[in-house]
Amino acid sequence: MRLTRLSRRLFIATAAFLAAGVYACSERDATAPSDQDALARGGAQGPDLHAALAAKNKYAGQLLARQGVVGTAVGLGSNGKAVIKVYLTRAGAAAVARSLDGVAVETQVTGELRAILPSKRPGGGGGGGGGTDPKQRFARPVPIGVSAGNLNDLVYYRTFCTTGTLGARLRGSNGQYYALSNNHVFAVENMGQIGDPIIQPGQADNGCRSTAADQIGTLANFVPLDFSRRATNTVDASAAAVTTQTVGNTTPSNGYGSPSSSIVAAALNMAVEKYGRTTVLTHGSISGLDATVRIRYDGGSATFVHQIIITGNNGSAFSDNGDSGSLIVTDNASHNPVGLLFAGSTSTTIANPIGDVLTQLGQRLGTTLSIQ
């Protein structure tokens with residue numbers, strides 16, 4: 001399911017402010033989730049949650065306009081109440097008020113937020129190894145959570161090749177199966193062409209020497225990334241047409257297994273896990289919701305709205321370069337899909353809500369999608 005939105009009436013008072021040129025944003029960016037039950041599971045209560053969401057959206061543009069600020073979200077303070085989180089490139093990078101419209105503000109140093117893939121120059125050695133290393137070549141059908149990419153990425157990037165993670169297997173109401181990953185993994189930041197061969201492992205894990213023999217599918221469609229100054233993005237997603245003979249629906253044996261076909265909305269403090277190409281199986285929790293973040297790509301910066309922020313358990317990293325495209329699921333026996341990992345830093349991971357991913361990819365593909 002998709003997160004619902006706050007009543008438009010809640011933001012009539014802020015519409016004029018947002019339209020005044022402080023920050024150019026779409027109508028969608030001026031709204032925010034109102035799923036209080038889901039958010040409250042993290043400890044936030046209705047009135048202060050509403051206030052935090054409203055204040056965060058009211059001031060998000062002003063905050064991101066400040067040098068050194070890379071994002072803002074709603075999270076929980078040490079007292080269990082909702083606060084506005086402001087993410088900084090470094091300590092003291094920007095002066096931020098202690099409260100906004102009566103809502104407490106907390107800063108957190110994340111560093112620059114990036115959607116970066118491992119890269120390799122042509123002629124380098126292949127990656128991977130024995131055992132259950134997700135960078136290796138797997139027998140077909142390949143598991144989910146392993147290295148994958150576009151065979152032609154060296155053509156598009158010209159001087160290097162890359163790789164990312166095959167996150168999940170999808171099934172369309174049209175009967176077609178698809179492999180899910182990010183736009184910047186399968187569609188090479190909008191440069192990919194429909195029909196491009198999608199391979200496993202990705203080129204960077206094969207010394208930039210992959211061939212058609214490594215193909216598991218073809219690029220079917222992607223949601224374009226908008227790098228223009230006034231644009232807001234909600235997903236970084238693409239799909240490759242595959243079959244059940246080329247792609248399975250379970251992680252390697254050292255992963256969590258198979259994701260549920262029932263997706264859930266993110267909630268503060270929700271325990272989550274993921275299996276990806278680089279850091280393999282990791283565990284964390286959701287520390288921020290309805291995030292507005294600026295993400296650095298090879299082709300420029302893009303602003304995203306309504307994103308999920310994940311922090312690794314016990315100070316550990318939840319993700320790293322090459323984990324882009326990983327499916328994030330609940331850390332329990334159900335493994336319900338929550339988000340699609342696409343960016344972050346050494347301390348912070350950013351994900352698209354999975355409901356938005358399935359909806360927007362489905363629209364591009366002309367079918368309804370489910371995880372299967």
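The values are calculated or read from the model by the stated rules, or taken from the named source; none is laboratory data. All figures in this text were calculated on a predicted structure; none of them were measured in a lab. Note that each Cβ is placed from the backbone with ideal geometry, even for glycine, and that neighbours are counted across all protein chains shown.
Every listed requirement among (1) in contact with a Phe, Trp or Tyr (Cβ under 6 Å, 6 or more places away or on another chain); (2) surrounded by 17 or more Cβ atoms within 10 Å (Cβ to Cβ) is met by TYR59 save one, (1). Just one residue in the set SER262, SER238, SER210, SER287 is out of contact with any Leu (no Cβ under 9 Å at 6 or more places or on another chain) and in contact (Cβ under 8 Å) with a residue 12 or more places away in the chain; that residue is SER262.
Is the stretch 218-234 home to any residue that is out of contact with any Phe, Trp or Tyr (no Cβ under 6 Å at 6 or more places or on another chain), within 18 Å of SER147 (Cβ to Cβ) and either buried (at least 24 other Cβ atoms within 10 Å of the Cβ) or aromatic (Phe, Trp, Tyr) (or both)? For the stretch 218-234, residues out of contact with any Phe, Trp or Tyr (no Cβ under 6 Å at 6 or more places or on another chain), within 18 Å of SER147 (Cβ to Cβ) and either buried (at least 24 other Cβ atoms within 10 Å of the Cβ) or aromatic (Phe, Trp, Tyr) (or both): absent.
Take the residues in the stretch 62-90 that are closer than 24 Å to ARG114 by Cβ and of a type in the set (Lys, Arg); name whichever of them is surrounded by the fewest Cβ atoms within 10 Å (Cβ to Cβ). Write out each step before concluding.
Going through the stretch 62-90, the residues closer than 24 Å to ARG114 by Cβ turn out to be 62-75, 84-90.
Checking the rest, the ones that are also of a type in the set (Lys, Arg) come to 66, 85, 90.
Values: ARG66: 13, LYS85: 24, ARG90: 11.
Taking the candidates together, the pick is ARG90.
Going through THR303, THR368 one at a time, which residue ends up being modelled with pLDDT of 95 or more, more than 15 Å from the chain's Cα centre (by Cα) and among the β-branched types (Val, Ile, Thr)? So that I can check it myself, show each step before the final result.
Values: THR303 fails: more than 15 Å from the chain's Cα centre (by Cα).
Sole residue among the options that is modelled with pLDDT of 95 or more, more than 15 Å from the chain's Cα centre (by Cα) and among the β-branched types (Val, Ile, Thr): THR368.
In this structure, SER319 does satisfy being at negative phi and either touching a Gly at 6+ places or on another chain (Cβ under 6 Å) or in the same structural domain as ASN174 (by TED's automatic domain parsing) (or both).
How about the stretch 144-153: which of its residues are part of a loop (DSSP other than H, G, I, E, B) and either among the basic types (Lys, Arg) or crowded, with 24+ Cβ neighbours inside 10 Å (or both)? Correct list: ILE144, GLY145, VAL146. Note down all Cβ pairs under 8 Å where the first residue falls in the stretch 95-113 and is touching a residue at least 40 places away in the same chain (Cβ under 8 Å), the second is of a type in the set (Asp, Glu), and they're at least six residues apart or on different chains. Filtered contacts from the stretch 95-113: VAL103/ASP48.
Here is the figure for the stretch 154-189: residues that are part of a loop (DSSP other than H, G, I, E, B), under 16 Å from ARG364 (Cβ atoms), polar (S, T, N, Q) and under 17 Å from the mean Cα position of the chain (by Cα) total 1.
Working only within the stretch 86-105, note down all residues that are assigned to a loop (DSSP other than H, G, I, E, B) and at negative phi.
Here is the first cut: in the stretch 86-105, the ones assigned to a loop (DSSP other than H, G, I, E, B) are 89-98, 101-102.
If the condition is that a residue be assigned to a loop (DSSP other than H, G, I, E, B) and at negative phi, then THR89, ARG90, ALA91, ALA93, ALA94, ALA95, VAL96, ALA97, ARG98 are the ones that fit.
SER262 meets all of the listed conditions (1) part of a loop (DSSP other than H, G, I, E, B); (2) under 20 Å from HIS184 (Cα atoms) but one, namely (2). Residues in the stretch 278-329 that are surrounded by fewer than 22 Cβ atoms within 10 Å (Cβ to Cβ), under 19 Å from GLY167 (Cα atoms) and of a type in the set (A, V, I, L, M, F, W, C): VAL280, LEU281, ALA317. Is it true that VAL280 is more than 22 Å from THR232 (Cβ to Cβ), among the β-branched types (Val, Ile, Thr) and out of contact with any His (no Cβ under 9 Å at 6 or more places or on another chain)? Yes. In this structure, does LEU170 turn out to be closer than 19 Å to ASN352 by Cβ, of a type in the set (A, V, I, L, M) and in the same structural domain as ASN249 (by TED's automatic domain parsing)? Yes; evaluated as a whole, the condition is true for this residue. Return yes or no: is SER253 at pLDDT 95 or above and either of a type in the set (A, V, I, L, M, F, W, C) or more than 18 Å from LEU358 (Cα to Cα) (or both)? Yes: the conditions hold for SER253.
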